[in-house]
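Everything below concerns the one structure shown next.
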Amino acid sequence: MDFLNSILVKPFADMFGAPDFLLQVLWEGLVSGVLYALIALGFVLIYKSSRIFNFAQGIMVVFAALTLVGLHEKGVPALLAVPLTLLVMFILAVAIERVVLRPLVNQPDIILFMATIGITLFLVGFGEIIFGGENKVMITQELHIPTGSFEFEPFGGFVSIEQKDLTAVVGAIVLVAGLLLFLNKSKMGRAIRALGDDHQAALSVGISLSTIWVLVWFIAGVIALATGIVWGARAGVSFALEVIAFKALPVLMLGGLESVLGAIIGGLAIGVLEKLFEIYWGQPLLGGNTETWFAFVFALLVLLFRPQGLFGEKIIERV
């Protein structure tokens, strides 16, 4: 009876007993969820346009952040280092398309997936040669990202919101809104969607596969830079930052590998739920550290009932 009470009653009693603390937990989960969604978007865009699961998205986050910090260390002003980093990510996108992807057109999916693993290993080695392997500090203040906090007293309690987290959420909303506007309203955006809906039909009407691949890899690079700045401001910049990208995997499992909306909603859901579980169930019952595995277990449970994810399309094969 005590065990059932600790699972089914006490956590909810704690939530309603301290609503201000619940708001703090929800906010922290929302911030994490926004960042998970950003990383997942990079995977989704590349997969929709090329059917390639981009294993390199994580190291792209690290490489973009290291490039930004490295340029600033060489004396480049922070606000100039941002567009220069975007230029580097564009050059990287062109190089990946020309050197890696173009020779592998029409190869099995597993070959393309292995190619992205090769890209990952190359960027790790190349990044260490250029930037070194030591941890670096994100240039938060130089980018004019506020570092203070807003404090509120809801329900007679206390809630603190870091200004850099609020900036990250607002920036992510603007980035996602711009991305959705681009995909739905622009000619190139519609071409990306067409390529994702029907590869052969899109090619038959003259859509350039090479151009689209460069574009989506560059967009993934833009997302990687935004994610790298935010995560770097929270945890520093190092190659260990790459493991954060693995949190996008349960987001993709939950939202569906081809759904932009699924990546957004899946990221927010994973971020909030893992934080709630950690605070109200994980720490009291399991000693904490449940955030490392909760998202994967939750996504696995969803897949048992809906293998294509919540927003993925059901695949029907006729034989």
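Our coupling estimate for the stretch 72-80, obtained by passing each phi through the Karplus curve with A = 6.51, B = -1.76, C = 1.60 and θ = phi - 60°, is 5, 5, 7, x, 7, x, 4, 6, 7 Hz, Gly and Pro reported as x. The Cβ shell under 15 Å around I161 holds other residues with a net charge of -3, Lys and Arg each +1, Asp and Glu each -1. Size of the stretch 2-305: Rg and Dmax of its alpha carbons, in Å, are 20.5, 66. Rounded, prolate or oblate for the stretch 102-172? Axes are the square roots of the Cα gyration tensor eigenvalues, ordered a ≥ b ≥ c, and the cut-off for rounded is a/c under 1.5. Because a/c hits 1.5 or more and a/b exceeds b/c, the stretch 102-172 counts as prolate. Rolled with a 1.4 Å probe across the full set of protein chains, the surface gives H144 an accessible area near 130 Å². The separation of the stretch 222-246 from the stretch 107-143, counted between C-alpha centres, amounts to 11 Å. When K10, K187 are compared by accessible area at a 1.4 angstrom probe, the order from most to least is K187, K10. Applied to the stretch 48-55, the Karplus parametrisation 6.51 cos²θ - 1.76 cosθ + 1.60 on θ = phi - 60° returns per-residue 3J(HN,Hα) values of 4, 8, 9, 6, 10, 7, 7, 5 Hz, with x for Gly and Pro. In this Cβ point-charge picture (+1 for Lys and Arg, -1 for Asp and Glu), the stretch 2-305 has a dipole of about 1100 debye about its Cα centre. When both the stretch 263-278 and the stretch 153-185 are represented by their alpha-carbon centers, they are found 15 Å apart. For the set L180, L79, the ranking by accessible area, highest first and with no ligand, DNA or RNA atoms included, is L79, L180 under a 1.4 Å probe. Surface composition of the chain: carbon and sulfur atoms hold 68% of the protein heavy-atom accessible area at a 1.4 Å probe. For the stretch 75-168, applying the loop criterion from DSSP together with a ceiling of 14 other beta carbons within 10 Å to the GluC sites (Glu not before Pro) yields E134, E142.
Projecting the Cα positions of I139, G157, V174 onto the charge dipole of the stretch 83-196 (unit charges on Cβ atoms of Lys, Arg, Asp and Glu, taken about the Cα centre) puts V174 furthest along the positive direction.
Around the amide H of M138, modelled in the peptide plane, lie the amide H atoms of G236, V237, all under 5 Å away and 5 or more residues distant in sequence or on another chain.
A simple charge model with +1 on the Cβ of Lys and Arg, -1 on the Cβ of Asp and Glu and nothing else charged puts the dipole of the stretch 145-255 at about 420 debye relative to its Cα centre. Summing charges over neighbours of F218, with a neighbour being any other residue whose Cβ is under 14 Å away from its Cβ, gives 0 when K and R count +1 and D and E count -1. Loop-located trypsin sites (Lys or Arg not before Pro) in the stretch 1-74 (DSSP state other than H, G, I, E, B) with a sparse environment of at most 12 neighbouring Cβ atoms within 10 Å: K74.
When the Cα positions of P19, I7, T67 are compared along the charge dipole of the stretch 1-79, T67 comes out farthest toward the positive end, with charges on each C-beta of Lys, Arg, Asp and Glu. With bins 10 Å wide beginning at 0, the percent of Cα pairs of the stretch 1-99 falling in each bin runs 12, 26, 23, 16, 14, 8, 0. Computed from backbone phi, the HN-Hα couplings of the stretch 277-282 come to 5, 4, 6, 9, 10, x Hz, rounded to whole numbers (Karplus: 6.51 cos²θ - 1.76 cosθ + 1.60, θ = phi - 60°; Gly and Pro given as x).
Protein-only accessible surface at a 1.4 angstrom probe places the residues W281, W217 in the order W281, W217, largest first.
The values are calculated or read from the model by the stated rules, or taken from the named source; none is laboratory data. Since the model is a prediction, treat every value here as computed from it, not as a measurement. So basically every Cβ, Gly included, is an ideal-geometry build from the backbone, and we count neighbours across all protein chains shown. Accessible surface areas use protein heavy atoms only, side chains included; no ligands, DNA or RNA. Shrake-Rupley method; radii C 1.70, N 1.55, O 1.52, S 1.80 Å.
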